[in-house]
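Contents: one structure, followed by commentary.
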Amino acid sequence: MSWDRLSRMPTVLVTGINGFTGRYLAEELRISGYNVVGIGIEQAAAPGIVVPTCDLNDRKAMLSVVPQLAPDYVIHLGGIAFAALDDVDSIYRTNILGTRNLLEALSHCPRPPAMVLLASSAHIYGNATTSPIDENTVAAPASDYAVSKLAMEAMAKLWAERLPIAIVRPFNYTGVGQSLNFLLPKIVDHFRRRAPKIELGNLDVIRDFSDVRNVVHRYRLLLEAPVAGEIFNTCSGAGYALKEILLMMAELSHHNLEVVVNPAFVRKNEVHKLVGSSAKLDKLIGTQKITPLRETLAWMLRHIDPAIE
């Protein structure tokens, strides 16, 4: 790191800063002494954070806005994060071309950032035959979303000589404020409202769920680590079937509901088990706190307000 960067508060550019993860990441960075800026399709709700309105898919705007921000570090969260979205064109355009627009814009900055961290997805592993899944597991994407993320990773390699790029592959994570389009917030919402029943898809799928606060903490620790060219899983290492999660929620809420399997919610090419290993990341940044899923669900059950505490 240059002396200039050491002598002032370093600036971190967060794309997708207005999203679920972005809001938590911005707060994690702010309280850790970073100057946080962002780009998003809307102005930021968080006071004191500069967020020019800029769409990743607008190459001209990106080339104009990003160099002016001149970030020391970049964490790229922007893109399509909902794997079940039917707008395939938007998934590929935003996750691949939108990321390329960002990297091109960063290459035009007055000086290159010290680190560019790209958020990919553990869904690129698909129905892996090994468990837990580590970074050497062969990719076998089973959805357009997963294919778009793997393609993004491949495209980013074209910029490796010009930018210090690292990739994180987060497994599922959740927390207060996540959209009800996602599975765990939907389940928590039904128990909070004491709904009589809930319609779900395959109850036998097993997922590795982390707390969003744990995830953004790891992202921050990766910023100044010597990780250019590396790929890291971020996960809890614990797998939960939906039946286990429903039982946890019944115990936490003291409410039972009827569970109805709706065939319309059963995805084609469903990934049945997705449980990861974070051994590579732990070796680099040290073993970090893992919030038990039960604690995360209890936090979500207590708090309706999506604002970060």
Review point. Within the range 234-252, is even one residue part of a strand (DSSP E or B) and open to solvent by 90 Å² or more (accessible area, probe 1.4 Å)?
Key: no
Point to revise | Unmet requirement for Leu102, which otherwise passes all of (1) at pLDDT below 90; (2) surrounded by 20 or more Cβ atoms within 10 Å (Cβ to Cβ) | key: (1)
Practice item. Report, by residue number, each residue of the range 140-153 that is open to solvent by 60 Å² or more (accessible area, probe 1.4 Å) and not charged (D, E, K, R). Key: none
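Being farther than 28 Å from Leu246 by Cβ and hydroxyl-bearing (Ser, Thr, Tyr) is the requirement here; does Ser143 meet it? Full working, then the answer.
On the way: farther than 28 Å from Leu246 by Cβ: no; hydroxyl-bearing (Ser, Thr, Tyr): yes.
Judged against the criteria, Ser143 is not a match.
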Check your understanding: Quick check, is Pro71 part of a loop (DSSP other than H, G, I, E, B), within 13 Å of Ile165 (Cα to Cα) and open to solvent by less than 10 Å² (accessible area, probe 1.4 Å)?
Key -> no
Exercise for review: Filter the range 108-139 down to residues that are more than 19 Å from the chain's Cα centre (by Cα) and open to solvent by less than 50 Å² (accessible area, probe 1.4 Å) and give me whichever is modelled with the lowest pLDDT.
Suggested key: Ala128
Review point. Considering only residues of the range 156-172 that are free of Cβ contacts under 8 Å to residues at least 60 places away in the same chain and surrounded by 16 or more Cβ atoms within 10 Å (Cβ to Cβ), which is nearest to Ala81 (Cα to Cα)?
Key: Ala156
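The values are calculated or read from the model by the stated rules, or taken from the named source; none is laboratory data. This is a predicted model, so every value here is computed, not measured. Here the Cβ is made from the backbone with ideal geometry for all residues, glycine too, and neighbour counts use every protein chain on show. SASA here: full protein model, heavy atoms, side chains in, ligands and nucleic acids out. Shrake-Rupley method; radii C 1.70, N 1.55, O 1.52, S 1.80 Å.
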